[in-house]
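The structure appears right after this line, and notes come after that.
Nothing in this text is a laboratory measurement; each read-out follows from the coordinates by a stated rule. All figures in this text were calculated on a predicted structure; none of them were measured in a lab.
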Amino acid sequence: MNPDTAAHPDSFKMASAACEVLVQQADLPVYCPREDELLWNAHPRVYIHLETPGDMARCIYCSTVYRLVD
């Protein structure tokens with residue numbers, strides 16, 4: 001275990017920590033984990049299938065919900 005992480009656990013973002021991600025048509029195609037996530041300990045890339053506004057899908061690895069809003 002990294003001693004810096006153990007001493008300050010609230011200062012570090014966990015990989016795939018988002019519960020729900022709102023997605024727009026311009027963001028398609030969508031995959032999880034996203035580019036802004038920590039990838040060093042995240043799961044393999046999974047493409048999320050969204051087509052029409054209101055569609056939602058859950059990542060099979062981390063359970064993050066992706067919702068297409070427009």
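Here are the numbers for the structure shown:
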read-out	value
Using θ = phi - 60° and Karplus 6.51 cos²θ - 1.76 cosθ + 1.60, couplings along the range 54-67 (whole Hz; Gly, Pro as x)	x, 4, 9, 8, 10, 5, 6, 8, 10, 6, 5, 9, 10, 10
Residue-wise HN-Hα coupling along the range 45-52, computed from phi with Karplus coefficients 6.51, -1.76, 1.60 (Hz; x: Gly, Pro)	5, 10, 7, 9, 8, 9, 10, 10
